[in-house]
Structures are given as structure tokens and as C-alpha cells.
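Encoded as C-alpha cells, the structure appears first; notes follow it.
Since every read-out is calculated from the coordinates, none of them should be taken as a lab result. Remember, predicted model here, so these are calculated numbers, not experimental data. Cβ placement follows ideal geometry from the backbone for every residue including glycine, while neighbour counts extend to all protein chains displayed.
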Amino acid sequence: MKFLLDNWMLITVAVASGVALLFPALNKGTGLSPQDMVQLMNREKAIVIDVCEPDEFARGHVIGAKNLPLGQLEEKLAQVVKSKSSPVVMVCQVGARSARAAATARKLGFENVQSLAGGLKAWQAASMPVEKA
């Protein structure tokens, strides 16, 4: 017990280091990597929905993505994605809006919806192609 009290700072640093090492593994389920998204697009013909505003979409987006701003998602998603079992990938600039969009789509009954982790920035960092409108 004396050892723990005398070395509380070292123990705290060791625990913090362990948590920092485990964090990426625990955080893995928050979205698709760009490589996983490409596989989903090629193998399962995933529909890519960009939930950015039209001006952001025009500045650059994943090739073949359809623009459906987050504010219009609930009312228009069923028009863009005909089958609720189709694979859908939500994309935005950094991944925050697309994660919310994926959660909203699941609430609407879409079964196979995912978000691109890190958004368009991660897509570009992985040297994936982008088109401008």
C-alpha cells in the first residue's frame, strides 16, 4: 500500500498510457475507413450520401455521391435510397454530421447505414479521388 501511495503519479501515467493504447481499438466501430468504403462501393454498390450543404458539396465530394443536406435527410432519404436494405454510406467534411445522419437513417428503418470515419478529410488524406461540381 505504501508503494501505491508513494508512486501514485507513475501509476496514473501507466494507466493513462494503457487507455491511450486501447482507445484506437475501442474507437474502431465509429465508422468506415476510406479503404473499407471503397470495397463497399465496389462490391455491394453502396449508395454514397453527402450530407454537407450544397456549397460545401460543390467544393468537393466523393465521386458519385448524392448531395442530401442533413436538414433534409428525414424527408428526402426515402426518395434517394429506394430500398431500406441497400448499403448506404453517409459522408460529410469531418465525420460528425455523417455519424448523426447514419443514426437518423437507422431510426427511419434503413438497415445497412454507415458513416465515413473522418469524413472527406480522411478520404482526401488517403489519396482517394474527389470531384467538384
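Mean-square fluctuations from a GNM of the chain, with a 10 angstrom spring cutoff on Cα atoms, peak among 119, 18, 60 at 18. Around the Cα centre of the range 32-112, unit charges on the Cβ atoms of Lys, Arg, Asp and Glu (plus for the first two, minus for the last two) sum to a dipole of about 220 debye. Roughly how large, in nm² to one decimal, is the mean projection of the convex hull of the alpha-carbon atoms in the chain? The orientation-averaged projected area of the Cα hull of the chain comes to 10.8 nm². For residue 86 and residue 100, the difference between the fully extended length at 0.36 nm per residue and the C-alpha to C-alpha distance is 3.2 nm. In the range 83-126, which residues have a backbone nitrogen under 18 Å from the label point lying 7 Å from residue 45's Cα in the Cα-to-Cβ direction? What the label zone holds, given the 18 Å backbone N cut-off, is 83-89, 111-113.
Shown here for the range 43-133: trypsin sites (Lys or Arg not before Pro) in loop regions (DSSP other than H, G, I, E, B) with at most 14 other Cβ atoms within 10 Å, namely 45, 82, 132.
Counting each DSSP H run of 4 or more residues in the chain as -39500 (n - 2.57), what helix-only mean residue ellipticity at 222 nm follows after dividing by all residues, to the nearest 500 deg cm²/dmol? Write out the running numbers ahead of the final one.
Numbers: 7 runs with 68 residues, N = 133.
Using -39500 (n - 2.57) per qualifying helix, the result is -15000 deg cm²/dmol.
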